[in-house]
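Student: Sharing a structure below in structure tokens format, with a few things to ask.
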Amino acid sequence: MAKEWIKGQEGRNLKFKRETLLNLAINRWALNKAFSIGPTSELIRRCSPRKFDEWEQFYFENAYQKKKDGIKITREYIQELGRKLYIKVSEVVQNEIESIQEEECVDYAYNLVLNRTYEGYKTEITTIYGQLEKILAVKIEPAPDEWDRTYSVDFFIKVNGKYVGLQIKPISSSTSPNSYRWYTQNEANHKKFQHDFGGKVFFVYSAKSGVQKQIYNTEVIEEIRSEINRLESS
């Protein structure tokens, strides 16, 4: 019998009718964090499954909450997690929804559009490409959406009518980047970019140091500078 709260019944990754609300709640109470369900991204890379069944079995054999004295994850635990989510949505969230006032929504909308946009702008200069702009003393621009799909490029630097491409990869500060895998996956697109625009594409790895993002592979800065100099003199 089909479940009315599921949009599509085909495939593994089901789509839920009230997914937005469920996502808000499960994130708010951190029920999907590593200390609750284990480091899923790390586990699935260790597993490297070819089929879903391989991943499912590996997860329940190896997953523990990522905290001191964390318990082993079982099917029953995941079910209990869903029941906890239901309590949060049906009691806490419902009560909050009923107490929301019109003026609160007006204030929120103003703050979201104006205040947070301004704060985001100030924060932007401390991001990775902001740091690169300052270090290299050049303007770095976001790539058009189609460049991301066609060339695997996130940002670009215009030099003498040509372009240098940048692909930024967030990584965990506790793990080294899998540069070989990323290079081979994007090699064809990056070669196409160089053919079409004259400049190379560089991977810039971003890792958090506290709350601040930092360039992990700092050696790439001189490589980018050398490529800029090459294009300027060509």
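The values are calculated or read from the model by the stated rules, or taken from the named source; none is laboratory data. All values reported here derive from a predicted model rather than from experimental measurement. Ideal geometry is used to build each Cβ from the backbone, glycine not excepted, and the neighbour counts take in all protein chains shown.
Student: Please work out which residue is farthest from Val93 (Cα to Cα), limiting yourself to region 24-55 and to residues that are assigned to a helix (DSSP H, G or I) and over 23 Å from the mean Cα position of the chain (by Cα).
Tutor: Looking at the filtered set, the residue picked out is Glu54.
Student: So, restricting to helices (runs of 4 or more DSSP H) that lie completely within region 68-173, which ones have at least 3 residues that are within 20 Å of the chain's Cα centre (by Cα)?
Tutor: Because the criterion is at least 3 residues that are within 20 Å of the chain's Cα centre (by Cα), the helices (runs of 4 or more DSSP H) in region 68-173 that meet it are 116-124, 128-136, 145-151.
Student: I've got another one for you. Is there any pair linking a residue in region 20-32 that is in contact (Cβ under 8 Å) with a residue 24 or more places away in the chain to one that is outside any helix (DSSP H, G or I) and polar (S, T, N, Q), with Cβ under 9 Å and at least six apart or on different chains, and which?
Tutor: Cβ pairs passing all conditions: Ile26/Asn32.
Student: Let me ask another. Of these, Val201, Val164, which one is in contact with a strand residue (DSSP E or B) (Cβ under 8 Å, 6 or more places away or on another chain), over 30 Å from Glu42 (Cβ atoms) and modelled with pLDDT of 95 or more?
Tutor: The unique qualifying residue is Val164.
Student: Taking region 88-123, which residues are surrounded by 12 or more Cβ atoms within 10 Å (Cβ to Cβ) and of a type in the set (A, V, I, L, M)?
Tutor: Val89, Val92, Val93
Student: Hey, Leu21 hits all of (1) surrounded by fewer than 13 Cβ atoms within 10 Å (Cβ to Cβ); (2) not in a loop (DSSP other than H, G, I, E, B) but one; which does it fall short on?
Tutor: Of the numbered conditions (1) surrounded by fewer than 13 Cβ atoms within 10 Å (Cβ to Cβ); (2) not in a loop (DSSP other than H, G, I, E, B), the odd one out for Leu21 is (1).
Student: What residue, among those in region 58-73 that are charged (D, E, K, R) and on the phi < 0 side of the Ramachandran plot, is surrounded by the fewest Cβ atoms within 10 Å (Cβ to Cβ)? Break it down stepwise before answering.
Tutor: Just the residues of region 58-73 that are charged (D, E, K, R), to begin with: 61, 66-69, 72.
Keeping just the survivors that are on the phi < 0 side of the Ramachandran plot gives 61, 66-68, 72.
Values: Glu61: 10, Lys66: 15, Lys67: 12, Lys68: 6, Lys72: 12.
So, considering only residues that are charged (D, E, K, R) and on the phi < 0 side of the Ramachandran plot, the one surrounded by the fewest Cβ atoms within 10 Å (Cβ to Cβ) is Lys68.
Student: I've got another one for you. Are any residues in region 181-224 part of a strand (DSSP E or B), touching a residue at least 60 places away in the same chain (Cβ under 8 Å) and either of a type in the set (D, E, K, R) or crowded, with 16+ Cβ neighbours inside 10 Å (or both), and if so, which ones?
Tutor: Once the filter is applied, which keeps residues that are part of a strand (DSSP E or B), touching a residue at least 60 places away in the same chain (Cβ under 8 Å) and either of a type in the set (D, E, K, R) or crowded, with 16+ Cβ neighbours inside 10 Å (or both), region 181-224 yields Val204, Ser206, Lys213, Ile215.
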